[in-house]
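Peer 1: This is the structure I want to talk about, given as structure tokens.
The values are calculated or read from the model by the stated rules, or taken from the named source; none is laboratory data. Since the structure is predicted, the reported quantities are computational estimates derived from the model, not experimental observations. Cβ coordinates were reconstructed from backbone atoms using ideal geometry, including for glycine residues, and neighbour counts include every protein chain displayed.
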Amino acid sequence: MEAIILQILNGLDKGSAYALIAMGLTLIFGTLGVVNFAHGALFMVGAFCAVTLSRILTLSHEVVDPTRTDFLGNPLKVDVPYAYDWFGQATGDAIIDWAVPLSILFAVPVMIIIGVVMERGLIKHFYKRPHADQILVTFGLAIVLQEVIKYFYGANPIPTPAPQAFASSMDMGAALGFEAGQIIYPIWRLVYFVFAAIVIGCVFAFLQFTTFGMVVRAGMADRETVGLLGINIDKRFTIMFGIAAAVAGLAGVMYTPITSPNYHMGMDFLVLSFVVVVVGGMGSLPGAVLAGFLLGVIEAFASLPQVLDVLPGLNQIIIFLVAIVILLTRPRGLMGRKGVMEE
Amino acid sequence: MTDQTEQHATSAAPAASSATQSSTKVLGLGPKDFKLMFLVVVLTMAAPFLLNPFPEGSAMAQFNAGYPDLMQRFVIFGIFAIGFNILFGLTGYLSFGHAAFLGVGSYAGIWMMKLLTMNVIPAIVVSVAVAGVFALIVGYISLRRSGIYFSILTLAFAQMSYSLAYSVLTPITGGETGLQPKVADPRILDGALEAGASPRANLFGLEMGAGFEWQVGNWLFTFNAGYYVAAVVMLVAFYLSIRIFRSPFGMMLRAVKSNQQRLSYTGLSPKPYTLAAFVISGMYAGLAGGLLVAMDTQVGAERMFWTASGEVVLMTILGGAGTLIGPVLGAGLIKYMENILSKINKDILHEWFFFLPDGFENLMVELVYPFIGKGWHLTLGIIFMLVVIFLPGGLVEGGQKIAGMFKRGKDADASKTTPAE
């Protein structure tokens, strides 16, 4: 029992990332009908928003510390972050410590702007072109985004720690009433899961309970009719693209303490996220979320030592195997809508 | 059946059928195709001269691409891209997993070298065969879906092969270290190696690394045996691709691309044709993999990573999908950038902009530097996006447009290649 719960927990954090990215992909696909290969790059850009903010917060200037001396006997020069000057030492430390969560505030506007610029500047011109062209141009864009990030931040992973309060692990077993010491789980991963659930819930609520969301859903069902009713559906879809980009960016921001961001992390996630979208069913938001968590958990179970003894290497290929089986038996995916992407 | 396809051919593409019907066929090629083939033969054979236009020691010598390693890559990845183009250019099925076939071919080739002989012929033949069988399996399953689903399925298969080669299949693939022929390998057809000799790939005794250098004035030309072997194979592969493009079979593949439904309504199933195209292009990839092994006798799993699959997509689209010569041009361009552009560093840039005043010189260097050296991928990505946006027919279409500007009004149909549609 403990082992099963542990694997489910292990699957949830990766599954959350898959679900967030896959949901963004589906939003873009469902509204604009575009297959966005640059979505992984948006995830990566989000992660680098966190890196950028933590660098901005730790910007410092040199101050001579009269009380201490270095080994030559000269007064020691210490770097003092500007944050100390403005907020005092304690608050400054706290702000720097909480750089990653704070980056959410920074990343949302940045990602929405990037998304809207991307849609208006590039993707708009590809609605009428074949899906292959859309894949290719966004693939090219992903390369460009990656290389720009690589130029500014270098090719090495940049460690970006979580706030001290969340950096340790907690004993989930004791909390859930099992024997202590059986289920040890890093707190940040739990935070990531909760965060993902909140973001997913917000997006669903936004689509379900606001007028804007209702119009968008109507547009997804029948764009032409909505347009004929005198509603500027293009504008709303552009905003949805921005929101999808922001969701991917947020997924990236919060993922930085789990994996140190590097410039190609997005592509690694993208490949799997596409599989997730296809398994969930092209154009189905609940399908994408469900498939994201499902595949994350399945992957975690396939990594159990007992499983690997019987079928070595299963954890490496399980997601693809599941995808192949699902695509061949249920061509529309788990919850795919009829008539979406069926040439 | 054949009558039907012939009719299809004549009605659907007058340009191609006029080539097949014309009386002056040489080697089964129409006059235009023969001219193209002849041009490619001359260019590949004279490549050691043509790619070395700058004298040794001059400032421009770094742009010389006439060294064996790079020339081999040009032709081998040319083969890879030609094969990919038979699938994508003709049928429109976008495979994102073609590197798997290249990798499988490479592994098959290296095992022939380890077990049988260092002669490259069995290695290449077996790598083509094994890649073909693998492509048959993958294609049979993947081709049950089309569009984005097909891309994802091929991607899934390729990533699976990559992960397996990296982890579980380590006894066969060498895992992270990869494989290379060792002195202790059995090699049942070869005699025992002389003491201290290392196994080298050869063609009936002609070593792939062998070659001679020819000094003319300041120019140094290298003629490498391996390059010429690969080049001849590439020419054969190119010839076959022309024949496929002009055949009734090629017409059927174009029909699959333009309208599958209509094809089905005429009572024909597209499946056998697409599967055949998939297997052929997989075999081309295997051939490229076998040749890669024949040239540098080593394999690593990273050859199958999906970025390698993405690279061949880039090559084909850059050059021009559906054109005959496009993929080869695209492969050449990317490999040239990868090997030449990436070597330029800041010092060289400072030399280039030496004539400018200092401030301007530094500014220019700062402006240009992100796009070259380590940043060559950025240039590639930008070029690729521009091509997809403005030139869906790739560089070939660009060339045709430019050529059309010069002889406007003369003969609009004088372009040397016919796009697929």
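Peer 1: Being out of contact with any His (no Cβ under 9 Å at 6 or more places or on another chain) and closer than 27 Å to B:His377 by Cα is true for just one of A:Met220, A:Met265. Which residue is that?
Peer 2: On the way: A:Met220 fails: closer than 27 Å to B:His377 by Cα.
That would be A:Met265, the only listed residue that is out of contact with any His (no Cβ under 9 Å at 6 or more places or on another chain) and closer than 27 Å to B:His377 by Cα.
Peer 1: Quick check, is A:Ile95 in contact with a helix residue (DSSP H, G or I) (Cβ under 9 Å, 6 or more places away or on another chain), more than 9 Å from chain B (Cβ to nearest Cβ), closer than 20 Å to A:Val247 by Cα and assigned to a helix (DSSP H, G or I)? Break it down stepwise before answering.
Peer 2: Details: in contact with a helix residue (DSSP H, G or I) (Cβ under 9 Å, 6 or more places away or on another chain): yes; more than 9 Å from chain B (Cβ to nearest Cβ): yes; closer than 20 Å to A:Val247 by Cα: no; assigned to a helix (DSSP H, G or I): yes.
For A:Ile95, the condition - in contact with a helix residue (DSSP H, G or I) (Cβ under 9 Å, 6 or more places away or on another chain), more than 9 Å from chain B (Cβ to nearest Cβ), closer than 20 Å to A:Val247 by Cα and assigned to a helix (DSSP H, G or I) - is not met.
Peer 1: Would you tally the residues in segment B:334-391 being within 24 Å of B:Thr307 (Cα to Cα), away from chain A (no Cβ under 14 Å) and surrounded by fewer than 16 Cβ atoms within 10 Å (Cβ to Cβ)?
Peer 2: Number satisfying all stated conditions: 1.
Peer 1: Based on what the data block shows, is A:Lys124 outside any helix (DSSP H, G or I), under 19 Å from A:Asp234 (Cβ atoms) and within 14 Å of chain B (Cβ to nearest Cβ)?
Peer 2: Criteria not met by A:Lys124.
Peer 1: Continuing with the same structure: Does any residue of segment B:132-149 turn out to be more than 14 Å from chain A (Cβ to nearest Cβ) and without any contact (Cβ under 8 Å) to a residue 24 or more places away in the chain? First the steps, then the outcome.
Peer 2: To start, the set of residues in segment B:132-149 that are more than 14 Å from chain A (Cβ to nearest Cβ) comprises B:132-136.
Cutting the leftovers down to without any contact (Cβ under 8 Å) to a residue 24 or more places away in the chain gives us B:133.
For segment B:132-149, residues more than 14 Å from chain A (Cβ to nearest Cβ) and without any contact (Cβ under 8 Å) to a residue 24 or more places away in the chain: present.
Peer 1: Count, please, the residues in segment B:170-193 that happen to be part of a helix (DSSP H, G or I) and buried (at least 18 other Cβ atoms within 10 Å of the Cβ).
Peer 2: Going through segment B:170-193 one residue at a time, the tally reaches 1.
Peer 1: Next question, about the same structure. Tell me the helices (runs of 4 or more DSSP H) entirely within segment B:339-413 that contain at least 1 residues that are polar (S, T, N, Q). Break it down into steps so the answer makes sense when it comes.
Peer 2: Values: elements: B:346-352, B:358-368, B:376-390, B:394-406.
Output list reads B:358-368, B:376-390, B:394-406.
Yes/no matrix, rows are residues, columns are (1) in contact with a strand residue (DSSP E or B) (Cβ under 9 Å, 6 or more places away or on another chain); (2) outside any helix (DSSP H, G or I); (3) surrounded by 15 or more Cβ atoms within 10 Å (Cβ to Cβ); (4) more than 12 Å from every other protein chain (Cβ to nearest Cβ):
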| position | (1), (2), (3), (4) |
| --- | --- |
| A:Phe301 | no, no, yes, yes |
| A:Val307 | no, no, yes, yes |
| A:Pro312 | no, yes, no, no |
| A:Ile324 | no, no, yes, no |
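Peer 1: In segment A:313-323, what residues are closer than 17 Å to A:Tyr18 by Cβ and free of Cβ contacts under 8 Å to residues at least 12 places away in the same chain? Show your work before the answer.
Peer 2: Of segment A:313-323, the ones closer than 17 Å to A:Tyr18 by Cβ are A:315-323.
A:Gln316, A:Ile317, A:Leu321 - these are the residues of segment A:313-323 that are closer than 17 Å to A:Tyr18 by Cβ and free of Cβ contacts under 8 Å to residues at least 12 places away in the same chain.
Peer 1: Here's something else I'd like to know. Please tell me if A:Phe320 is within 26 Å of B:Ser142 (Cβ to Cβ), modelled with pLDDT of 85 or more and crowded, with 21+ Cβ neighbours inside 10 Å. Let's see the steps before the verdict.
Peer 2: Numbers: within 26 Å of B:Ser142 (Cβ to Cβ): yes; modelled with pLDDT of 85 or more: yes; crowded, with 21+ Cβ neighbours inside 10 Å: yes.
Against the criterion (within 26 Å of B:Ser142 (Cβ to Cβ), modelled with pLDDT of 85 or more and crowded, with 21+ Cβ neighbours inside 10 Å), A:Phe320 qualifies.
Peer 1: Just checking, does segment A:149-160 include any residue being within 14 Å of chain B (Cβ to nearest Cβ), over 21 Å from A:Tyr18 (Cβ atoms) and buried (at least 18 other Cβ atoms within 10 Å of the Cβ)?
Peer 2: Yes, the conditions are met somewhere in segment A:149-160.
Peer 1: Could you figure out which of (1) surrounded by fewer than 17 Cβ atoms within 10 Å (Cβ to Cβ); (2) in a helix (DSSP H, G or I); (3) over 25 Å from the mean Cα position of the chain (by Cα) isn't true of B:Lys114?
Peer 2: The single condition B:Lys114 does not satisfy is (1).
Peer 1: Could you tell me which numbered condition B:Leu36 fails, if it satisfies all but one of (1) touching a Lys or Arg at 6+ places or on another chain (Cβ under 7 Å); (2) under 30 Å from B:Ser342 (Cβ atoms); (3) hydrophobic (A, V, I, L, M, F, W, C)?
Peer 2: Here B:Leu36 clears every test but (2).
Peer 1: Being within 14 Å of chain B (Cβ to nearest Cβ) and at pLDDT 85 or above narrows it down to one residue among A:Ile113, A:Ile135; which is it? If you could, list the steps in order and put the result at the bottom.
Peer 2: Working: A:Ile113 fails: within 14 Å of chain B (Cβ to nearest Cβ).
After applying the criteria, what remains is A:Ile135.
Peer 1: Could you list, in sequence order, all residues of segment B:155-169 that are more than 7 Å from chain A (Cβ to nearest Cβ) and either over 12 Å from B:Met304 (Cβ atoms) or in a loop (DSSP other than H, G, I, E, B) (or both)?
Peer 2: Across segment B:155-169, the qualifying residue is only B:Leu169.
Peer 1: Please go through segment B:54-68 and give me each residue that is within 21 Å of B:Asp296 (Cβ to Cβ) and either of a type in the set (A, V, I, L, M, F, W, C) or without any contact (Cβ under 8 Å) to a residue 40 or more places away in the chain (or both), ordered by number. Step through it out loud before you land on a result.
Peer 2: Looking only at segment B:54-68, we keep the residues that are within 21 Å of B:Asp296 (Cβ to Cβ), and these are B:64-68.
Passing the criteria: B:Asn64, B:Ala65.
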